[in-house]
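Student: Starting off with a structure, shown below.
The values are calculated or read from the model by the stated rules, or taken from the named source; none is laboratory data. Remember, predicted model here, so these are calculated numbers, not experimental data. Cβ atoms come from the backbone with ideal geometry, glycine included; neighbour counts cover every protein chain shown. Areas reflect the complete protein model, heavy atoms only, side chains present, ligands, DNA and RNA absent. Shrake-Rupley method; radii C 1.70, N 1.55, O 1.52, S 1.80 Å.
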Amino acid sequence: MNQKKIDDIAQQLWDAQSSRLPCAPVREMITEAAEGGDLLATAYAVQSVNTVRMVQAGHRLIGRKIGLTSPAVQKQLGVDSPDFGMLFSSMAVGDGEEIDYSRTLQPKVEAEVALVLGRDLHHEKHTFADLISATEYALAAIEVVGSRISNWDIQLVDTVADNASSGLFVLGSMPVRLERLDLAGCAMKMERAGEIVSSGKGAACLGNPLNAAVWLADMMVRMGTPLSAGDVLLTGALGPMVSVRSGDRLTAEIEGLGKVNAVFAS
């Protein structure tokens, strides 16, 4: 990998976020930076540069988001596994707290199950039992995804480099222990102005949100950054993404987890 080119790509994405002006796709630059090597590893190297920069700027790393958990989206991007991005404290929004639309870039929302860990996850290969034991509670969540790539013109390495197209996230306020939930069977509906704009269930997320969480726990150990107690995991969309306009109020209800609201200022 060419570190200078990796740094340049990271800077382009950083500038797009800072200026609120989306940039051109970065996949060709990533191909050049990989120098015949692993394109995905190069894209994660770009993500890592901006992760370090965020931490150095005082943004607390509080968890991870899992993307590409929908088989349809995986097929669209030509991949057969999820991806991940970092969650920072500055990305967290309270349930019903008004979101300044200018904080977002080409925003879309999706409803997810969030897991909050009570124990570290450091095994090379994790099981459902490991994740169940380690999870303190689950919450309903809305992820506000956003792309620093113009017109959402993304392929896999574009979104990975762009922190898995992360934006903001809203957590619900009703923590529930896993033994009280049917994670695969739980129904989800999202409404805007009384109209259902997205629906699905837990099985839409790799068959069960815990499958996504197990994948992430294993991946983080391989990357040398294991998940820790207190981490928030956004496990992936339960239904189609929904585009957002200023003034929108989106309410997601997940069976067993209650409601969560994403409110965008006019």
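Student: Run the numbers on the range 94-142 and let me know its relative contact order in percent, using alpha-carbon pairs under 8 Å that are six or more apart. Don't skip to the answer; put the middle values down first.
Tutor: Details: 41 pairs, mean separation 21.9, N = 49.
In percent, rounded to a whole number, it is 45.
Student: State, to one decimal in nm, how far the label point of LEU21 lies from the label point of GLU35, with both points 7 Å from Cα in the Cβ direction.
Tutor: Here the answer is 3.2 nm between the modelled labels.
Student: Hey, got a sec? Which GluC sites (Glu not before Pro) in the range 88-127 land in a DSSP loop and have at most 15 other Cβ atoms within 10 Å? Intermediate results must be reported in sequence, preceding the final value.
Tutor: Values: sites: GLU97, GLU98, GLU110, GLU112, GLU124; in loops: GLU97, GLU124.
Answer by residue number: GLU97, GLU124.
Student: Hey, another quick one. Springs between alpha-carbon atoms under 10 Å, Gaussian network over the chain: tell me which of LEU21, LEU216, LEU139 tops the mean-square fluctuations.
Tutor: Maximum among the listed residues: LEU21.
Student: Using 0.36 nm per residue of separation minus the Cα-Cα distance, give me the extension gain between ASN2 and MET174 in nm, one decimal.
Tutor: On the way: separation 172, 0.36 × 172 = 61.92 nm, distance 4.62 nm.
Taking 0.36 nm per residue and subtracting the Cα distance, the gain is 57.3 nm.
Student: Okay, moving on. Just in the range 168-200: which GluC sites (Glu not before Pro) are loop by DSSP and have at most 10 other Cβ atoms within 10 Å?
Tutor: On the way: sites: GLU179, GLU191, GLU195; in loops: none.
Nothing satisfies the criteria.
Student: What is the ratio of the Cα radius of gyration of the chain to 2.2 N^0.38 Å, with N the residue count, to two decimals?
Tutor: So the Cα radius of gyration is 0.95 times the expected 2.2 N^0.38 Å.
Student: Where the convex hull is taken over the Cα atoms of the range 130-266, what is its projected area averaged over directions, in nm²? Present the calculation step by step, with values, prior to reporting the outcome.
Tutor: Details: hull surface 36.0 nm².
About 9.0 nm², averaged over all directions.
Student: With no solvent and one equal point scatterer placed on each C-alpha of the range 89-203, evaluate the Debye formula and give log10 I(q)/I(0) for q = 0.09, 0.14, 0.22 Å⁻¹, two decimals.
Tutor: Relative scattering, expressed as log10 I(q)/I(0), comes to -0.31, -0.75, -1.32.
Student: Leaving ligands, DNA and RNA out of it, work out the accessible area of ASP248 with a 1.4 Å probe and give it in Å² to the nearest 10.
Tutor: Roughly 10 Å² of ASP248 is accessible to a 1.4 Å probe.
Student: Here's another thing I want to ask about it. Let me spell out the model: positive unit charges on the Cβ of Lys and Arg, negative unit charges on the Cβ of Asp and Glu, origin at the Cα centre of the chain. What dipole size does that give, in debye rounded to 20?
Tutor: Numbers: 23 positive and 32 negative charges, 46 e Å.
Here the chain has a charge dipole of around 220 debye.
Student: Just tell me the longest site-free run in the chain, where the sites are trypsin sites (Lys or Arg not before Pro) in a DSSP loop having at most 13 other beta-carbon atoms within 10 Å.
Tutor: Values: sites that count: ARG20, ARG60, LYS125, ARG177, ARG245.
Formally, the longest exposed-site-free interval is 178-244.
Student: Hey, another quick one. Could you please report the charge total around PHE84, scoring K, R as +1 and D, E as -1 over all other residues with beta-carbon less than 14 angstrom from its beta-carbon?
Tutor: Numbers: positive: ARG64, LYS65, ARG222; negative: ASP83, GLU112, GLU143, ASP162, ASP218, ASP231.
Overall, the nearby charge balance is -3.
Student: Size of the range 195-266 along its principal axes in angstrom, Cα-based, largest extent first?
Tutor: In descending order, the Cα extents are 42, 26, 21 Å.
Student: Anything over 32 Å Cα to Cα? Flag those among LYS4/LYS65; LYS4/LYS201; LYS4/LYS125, in the order listed.
Tutor: Numbers: LYS4/LYS65 27 Å; LYS4/LYS201 43 Å; LYS4/LYS125 34 Å.
Those over the limit are LYS4/LYS201; LYS4/LYS125.
Student: Please sort by residue number the GluC sites (Glu not before Pro) in the range 1-91 whose DSSP state is loop and whose Cβ has at most 14 other Cβ atoms within 10 Å.
Tutor: Details: sites: GLU28, GLU32, GLU35; in loops: GLU35.
When the GluC sites (Glu not before Pro) of the range 1-91 are filtered for loop state and at most 14 Cβ neighbours within 10 Å, GLU35 remain.
Student: Considering only protein heavy atoms, what per residue accessible area in square angstrom results for the chain with a 1.4 angstrom probe?
Tutor: Working: 11580 Å² over 266 residues.
It amounts to 44 Å² per residue over the chain.
Student: Find out how many positive minus negative residues lie around ASN163, taking Lys and Arg as positive, Asp and Glu as negative, among other residues whose Cβ is under 9 Å from that of ASN163.
Tutor: Details: positive: LYS65, ARG148; negative: ASP162.
That sum, taken over residues with Cβ under 9 Å, equals +1.
Student: At 7 Å along Cα-to-Cβ for each site, give me the label-to-label distance between GLN56 and HIS122 in nm.
Tutor: 2.8
Student: Additional query: Take the alpha-carbon positions of the range 98-139, form their convex hull, and give its projected area averaged over all directions (one quarter of the hull surface) in nm². Intermediate results must be reported in sequence, preceding the final value.
Tutor: Working: hull surface 19.9 nm².
Mean projected area of the Cα convex hull: 5.0 nm².
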